[in-house]
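For reference, the structure discussed in these notes is given below.
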């Protein structure tokens, strides 16, 4: 049965409706799910909404629902900080052990080229990018590459590269593989909400699922990986497709140190209830990569269930 809202939408905005329907390849159910609930087409597919009823679908924490819930529990000021990589660094600078600065003008190019030559390369990122988009690894000491980036846009976040441990590189050595540690802060107490590991693919520098990376869920208490690896298409991989290294059953080293560090970081921003921390393990301990209010695709794919009610309960959302 078609919703009255959909009928009204089709009547008032027929050209927009046809646009959404074309994007959904003619799948009216997918189109209506997007119009009614803001569900991305990719979410519809990977969560198998075609074979789920309305109540089952609403158990899933989609990006649209996450944004709505975060608007209730997180401050605008905090959201602005975690949405910008450089502002995140400035706020949490005492927890970082690498240098990060902005490339804003030609005056910064000489410094970047010289510093990159000494450190074996630098990483450049757009301040507000996500999904690994726009990330560059600059390994040359020539100023030409930096000039090209500066012509493309101003305000690049420039970072020293992270040198991860052998344990974290075992799945894929070309990417910095990270742990997404989700913290929930309520009444001065920090809880961890279904962390997961992310690993890149051979030849890729980033570990993001949007760039073909894999992920697996982790037990928040023990640090043990509790699922096989999956990609964003929902394909299961018991072992990494490039290295063959398994996911499930391995324990992340220095887990309690990671829990303790992200608790301290969460407590340093008390106006944010939920933050997702991307953390890399180095020989000097855990290093923050960035903060965000990340999506929950990885956990819901690997655990084969929706997390909406669990997230609302732990965050105290009525």
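The values are calculated or read from the model by the stated rules, or taken from the named source; none is laboratory data. Just so it is clear, the model here is predicted, and its values are computed rather than measured. Note that we place each Cβ from the backbone using ideal geometry, even for glycine, and neighbour counts take in every protein chain shown.
The table below gives the values:
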item: Failed item in (1) crowded, with 16+ Cβ neighbours inside 10 Å; (2) within 19 Å of residue 165 (Cβ to Cβ); (3) in contact (Cβ under 8 Å) with a residue 60 or more places away in the chain, with residue 275 passing the rest; result: (2)
item: Pairs, first outside the structural domain of residue 249 (by TED's automatic domain parsing) and in a loop (DSSP other than H, G, I, E, B) in region 193-212, second crowded, with 18+ Cβ neighbours inside 10 Å and modelled with pLDDT of 90 or more, C-beta under 9 Å, six or more apart; result: none
item: So residue 257, is it assigned to a helix (DSSP H, G or I), touching a strand residue (DSSP E or B) at 6+ places or on another chain (Cβ under 9 Å) and exposed (fewer than 15 other Cβ atoms within 10 Å of the Cβ); result: yes
item: Number of the exception - residue 93 against (1) in contact with a helix residue (DSSP H, G or I) (Cβ under 9 Å, 6 or more places away or on another chain); (2) more than 14 Å from residue 158 (Cα to Cα); result: (1)
item: Residue count, region 202-224 (criterion: touching a strand residue (DSSP E or B) at 6+ places or on another chain (Cβ under 6 Å) and over 18 Å from residue 294 (Cβ atoms)); result: 3
item: Filter result (within 19 Å of residue 169 (Cβ to Cβ) and either touching a strand residue (DSSP E or B) at 6+ places or on another chain (Cβ under 8 Å) or in a strand (DSSP E or B) (or both)) within region 272-309; result: 278, 279, 280, 281, 282, 285, 286, 287, 288, 289
item: Where residue 63 falls short, out of the listed (1) surrounded by 12 or more Cβ atoms within 10 Å (Cβ to Cβ); (2) without any contact (Cβ under 8 Å) to a residue 24 or more places away in the chain; result: (2)
